Amino acid sequence: MNFTTLVAVGFLFGIGFGYFVQRAGLCFAHGLGEIFIGKGKRICRMFAVIFIITAAGFLISGYISPELGLKTIGQLRGFGFYNLLSGIFFGAGIFLNGGCILGTLRQIGEGNMTFIVVFVSMIPGMALVVYGLNPLLEKNYNIHNVLLPDLLGVAAPFITGTLIMGALIWLLILMRRKS
Amino acid sequence: MRTRRSFTKPLVLVSGFAFLNVAMYLLIHRFWIGGSSFLPMIGIGGPENKFIFAFIVNMGVIAGAALGALTSGEFRFRLPSVADLPKAILGGILIGIGVTLAPGTCTTSFVTGMPMLSVSSFLSGAGIFIGGYIVFRIIWRKP
């Protein structure tokens, strides 16, 4: 598949993602807020459903094609302290403006131009790290990113299966109606 | 009528989102990512133009969200208010720093990274909770 076709197919998938996200009202920034005020059932149910489907799908994909299967996310700086630090910056940012990445894209699509400002404001932040800090960090930090099965020394199907079972039980508990 | 309503329930809709994520991986061997996809805005296309591909997918997300909003009557053109601008700008800059310091947007972590069992995503997820909680305590609820 050439790059133009790949991009065209990707764009169509993007439309699908955007449609489902908008109709479901999915935004992890709002979800975090709901959790912090003690009303996180909605976002927890959504996360559990997404986790069950994608975890099972990604695991099964490895049996369909050897090119697929589980892969580490993000090759930049492996894993460790920087993930935690980046998460703190990111978490603070999404909470300040009221939209995660999906939420930001969704709100732009819904006509909220405040999120165009958020979108454009990401440029100086990214440039600061990529052109300012990266050369320093690359010299001092070099850890390969790993998957949980490699870290724990346990087979992936066992870990995924256990997590899916846990997510299913969690989902059932969350969906139980109060009598 | 009941069938139509059930297909518009949030859990059914997020299931559709999750199935699409898996389908894209199976079909074109790429998965949805959030933060790194914006690196083309500062001139970085990534290996094999991966970030450019992800950027285009996310432009599709905007188009899809617009489609959803227009078909449901939820589309409303709103210009930013002056009062919201400082938070939007500061929030955007912090997001920009966060997504490039290490890969870990909430959606990449929660939707793709954790199901992939990528250790970095679990750490990013923990960081997002901490960062979000700090701002929550400062802005909404003082300790």
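Here, each number is a calculation from the coordinates, and none is a lab measurement. In this text the structure is predicted, and so the values were computed from the model without any measurement. We place every Cβ from the backbone using ideal geometry, glycine too, and count neighbours over all the protein chains shown.
Measuring between their Cα centroids, the range B:74-143 and the range B:23-61 lie 19 Å from each other.
In which sequence would A:THR5, A:THR160, B:THR108, B:THR100 go, from the one with the fewest C-beta neighbours within 10 Å to the one with the most? Intermediate values should be presented prior to the final figure.
Values: A:THR5 10, A:THR160 22, B:THR108 31, B:THR100 27.
Result, fewest neighbours first: A:THR5, A:THR160, B:THR100, B:THR108.
Cβ crowding within 10 Å, taken as a proxy for footprinting-reagent exposure, orders A:HIS144, B:HIS29 from fewest neighbours to most as A:HIS144, B:HIS29.
Compute the Cα gyration tensor for the range A:83-130, then decide on rounded, prolate or oblate, letting a ≥ b ≥ c be the square roots of its eigenvalues: rounded whenever a/c is under 1.5, prolate when a/b is larger than b/c in the other cases, and oblate in all that remain. List each step's numbers first, then the result.
Values: a/c = 2.62, a/b = 1.54, b/c = 1.70.
Judged from the Cα gyration tensor, the range A:83-130 comes out oblate (a/c at least 1.5, b/c at or above a/b).
Over chain A, dividing the summed -39,500 (n - 2.57) contributions of all DSSP H runs of at least 4 residues by the number of residues returns a 222 nm mean residue ellipticity of -23000 deg cm²/dmol. Amide hydrogen proximity for B:ARG78: with H placed 1.01 Å from N in the peptide plane, the residues at 5 or more positions away or on another chain lying under 5 Å are A:ASN112, A:MET113. Between A:GLY31, A:GLY166, A:GLY103, where does the largest GNM mean-square fluctuation fall for chain A, given springs only between Cα atoms within less than 10 Å? Highest fluctuation among the options: A:GLY166.
By Kyte-Doolittle mean hydropathy of at least 1.6 and Cα axial length of at least 27 Å, which whole DSSP H helices of chain A are selected?
Details: long enough: A:3-24 (31 Å, 1.36); A:41-64 (34 Å, 1.53); A:156-175 (28 Å, 2.12).
Membrane-span-like by this rule: A:156-175.
The mean of 1/r over all pairs of different alpha-carbon atoms in the protein assembly as shown, once inverted, gives a Kirkwood hydrodynamic radius of 19.7 Å. Pairs of lysine residues in the protein assembly as shown that meet both criteria, 8 or more places apart or on different chains and Cα atoms under 30 Å apart, total 14. Placing +1 on each Lys and Arg Cβ and -1 on each Asp and Glu Cβ, with no other charges, gives the protein assembly as shown a dipole about its Cα centre of roughly 1320 debye.
Within 10 Å, Cβ to Cβ, of B:ILE62, how many net charges do the neighbouring residues add up to if Lys/Arg are +1 and Asp/Glu are -1?
On the way: positive: A:ARG106; negative: A:GLU110.
Counting the neighbours of B:ILE62, the net charge comes to 0.
By the Kirkwood approach, averaging reciprocal distances over each pair of separate Cα atoms, the range A:11-136 gets a hydrodynamic radius of 17.0 Å. Averaging 1/r over each pair of different alpha-carbon atoms in the range B:4-89 and inverting the result gives 15.5 Å, the Kirkwood hydrodynamic radius. A dipole drawn for chain B from +1 and -1 charges on Cβ atoms has a positive end, and of B:SER72, B:TYR25, B:LEU101 the residue lying farthest that way is B:SER72.
Largest GNM mean-square fluctuation across A:VAL130, A:VAL21, A:VAL118, computed for chain A with C-alpha springs under 10 Å, falls on A:VAL130.
For the range B:53-97, backbone nitrogen atoms closer than 11 Å to the point 7 Å from A:MET113 Cα along Cα-to-C-beta are found at B:77-81.
Could you grab the relative contact order for the range A:18-131? Cα pairs under 8 Å, six or more apart, rounded to a whole percent. Show your work: numbers first, answer last.
Working: 62 pairs, mean separation 36.2, N = 114.
Once normalised by length, the contact order is 32 percent.
Neighbour counts of C-beta atoms inside 10 Å place A:MET122, B:MET114 in the sequence B:MET114, A:MET122, starting with the fewest. Comparing B:PHE31, B:PHE53, B:PHE75 in a Gaussian network model of chain B, where Cα atoms under 10 Å apart are tied by springs, the biggest mean-square fluctuation is seen for B:PHE75. Here the dipole of chain A is about 720 debye; that uses its Cα centre as origin and unit charges on the Cβ of Lys and Arg (positive) and Asp and Glu (negative).
Annotation: extensible slack from B:ILE44 through B:HIS29 equals 3.3 nm (criterion: 0.36 nm per residue apart, minus Cα-Cα distance). In this rough spin-label picture, where each label sits 7 Å from Cα along the Cβ direction, the B:ILE138-A:SER65 distance is 4.5 nm.
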